[in-house]
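Scroll down for the structure; my scribbles are underneath it.
The values are calculated or read from the model by the stated rules, or taken from the named source; none is laboratory data. None of these values were measured; they are calculated from a predicted model. Cβ: placed from backbone, ideal geometry, glycine included. Neighbour counts: every protein chain shown. Please note that ligands, DNA and RNA were not included when accessible areas were found on the heavy atoms of the full protein model with its side chains. Shrake-Rupley method; radii C 1.70, N 1.55, O 1.52, S 1.80 Å.
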Amino acid sequence: MNAGEEVGKGAVVLVVEDEPSIADVLAIALRYHGFEVVLASCLLQARARIAERRPDAALLDVMLPDGDGRAFGRELRSEHPETAVVFVTARDAPAEIVGALGFGDDYITKPFNIDEVIARLTAVLRRTRPKDVLSARPPLRYAGLELDETTYTVRRVDRSQGEVELTPTEYALLRFLVRNGGRIVPKEQLLRHVWQYEHQPESTVVETYISYLRRKLAPLGPPLITTRRGVGYGLAAAT
């Protein structure tokens, strides 16, 4: 089993989503990270799936063909308080988010970053089932750094300078650079793999997050992220 599969080992996630393309993306990513996935395209199916297998967490679309996912989330939480409830929806009005968080554990808006979904679901499960659901993931190491796949922190291998906490997106960006070793990764590839953006070369989101990462990594030692103007970014050679 690889490192990506370790994080969700033992956790069952119910995905209630009526758009097949979104359901497929979620299912593929969750299974890659070791979760057991149960799919439902409507509330009727969701109730049947729960009767067959009790989930540790549920990713619920709000707008479903046979009802409101928020009402179902409230029902699920009432009947099975140990089940984590995370809403995934295009509705992003503050009142909607606050209302849903009154009985749910998290609220993710579409379009979403799949790495952020995994990170936030993992964080929710760590709070609700800290010992028996999530397994520790071995750290990634490169260029004198150690990335903790469980806590989303980075430190020097010798741990002499402490550790730095990263946001899910910052962590996803650094992890992708680490997995590409010393290679320069084109900006378009970073946009596609970290943010799921297609054909948006004018976006400045990569430059912004590279700046965030450089500032956060500065206390850990010499500059690590390199820039190839007009091409992309990479990491300095391993030390």
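Things to note:
- Residue match in segment 52-61 (condition: free of Cβ contacts under 8 Å to residues at least 40 places away in the same chain and more than 15 Å from VAL15 (Cβ to Cβ)): no
- When segment 223-239 is limited to residues that are in contact (Cβ under 8 Å) with a residue 12 or more places away in the chain and exposed (fewer than 13 other Cβ atoms within 10 Å of the Cβ), the one that is farthest from LEU173 (Cα to Cα) turns out to be THR239.
- Selection over segment 57-80 of residues that are open to solvent by 80 Å² or more (accessible area, probe 1.4 Å) and over 24 Å from ARG126 (Cα atoms) gives a count of 2.
- Test: residue in segment 15-35 that is surrounded by 19 or more Cβ atoms within 10 Å (Cβ to Cβ) and over 21 Å from the mean Cα position of the chain (by Cα): no
- Residue count for segment 44-56, restricted to those that are surrounded by fewer than 22 Cβ atoms within 10 Å (Cβ to Cβ), among the aliphatic types (A, V, I, L, M) and out of contact with any Ser or Thr (no Cβ under 9 Å at 6 or more places or on another chain): 3
- Of the criteria (1) modelled with pLDDT under 55; (2) in contact with a helix residue (DSSP H, G or I) (Cβ under 8 Å, 6 or more places away or on another chain), which one LEU101 fails: (2)
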